[in-house]
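Each remark here refers to the structure printed beneath this line.
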Amino acid sequence: MKIRIKSEETNLNLVLPTRLLIGKTVVKLANTIGRRYAAEAMQAIPPEALEILCAELRRIKKKHGAWELVDVRCADGDIVQVIL
């Protein structure tokens, strides 16, 4: 996963292993933390649904390679991109 933030002051490029962010262990950990601190919002999302979502993201990454999740470009030249 690549996260790119570019503005006049900053030029930040983060390259993170996709497995690190959407692996089963991290999904379970994020679900536990989410239920503790955002209990009302997380009650609507069952843990199995999060695991299915992350499994599909891994499948898409494997099948299609780089996949752009977020691409925001402002009029003043700021860019935010998240690429799977």
Exercise. Place +1 on the Cβ of every Lys and Arg and -1 on the Cβ of every Asp and Glu in region 2-83, take the dipole about the Cα centre, and give the residue among Leu12, Leu57, Val80 whose Cα lies farthest towards its positive end.
Key: Leu57
Quiz item: To the nearest 20 debye, what charge dipole does region 2-83 have about its Cα centre, counting +1 at the Cβ of each Lys and Arg and -1 at the Cβ of each Asp and Glu?
Solution: 620 debye
Quiz item: How many Lys pairs in the chain lie less than 22 angstrom apart by Cα atoms, where the lysines are 8 or more positions apart or on different chains?
Solution: 9
Quiz item: Near Gly23, within a Cβ-to-Cβ distance under 11 Å, what is the net charge of the other residues, with Lys and Arg +1 and Asp and Glu -1?
Solution: +3
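Give me the net charge of Glu48's neighbourhood, meaning all other residues with Cβ under 12 Å from the Cβ of Glu48; Lys, Arg count +1, Asp, Glu -1. Provide the component values of the computation, followed by the final result.
Numbers: positive: Lys24, Lys28; negative: Glu51.
Taking every Cβ under 12 Å from that of Glu48, the sum is +1.
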Exercise. Please turn the phi angles of region 71-84 into ³J(HN,Hα) values with the Karplus equation 6.51 cos²θ - 1.76 cosθ + 1.60 (θ = phi - 60°), one per residue in order, whole Hz, x for glycine and proline.
Key: 9, 10, 10, 8, 5, 7, x, 6, 10, 10, 10, 10, 10, 6
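Compute the relative contact order of the chain as a whole-number percentage, counting only Cα pairs closer than 8 Å that sit 6 or more residues apart in sequence.
Details: 96 pairs, mean separation 32.8, N = 84.
Worked out over the chain, it gives 39 percent.
In the P(r) worked out for the chain, what percent of Cα pairs fall beyond 21 Å? Before the final figure, lay out each step's value.
Working: 1584 of 3486 pairs.
Summing the P(r) tail past 21 Å for the chain gives 45 percent.
Read the figures in this text as sums done on the coordinates, not as results from a lab. Note that the coordinates shown come from a computational prediction; the quantities given were computed from them, not determined experimentally. So basically every Cβ, Gly included, is an ideal-geometry build from the backbone, and we count neighbours across all protein chains shown.
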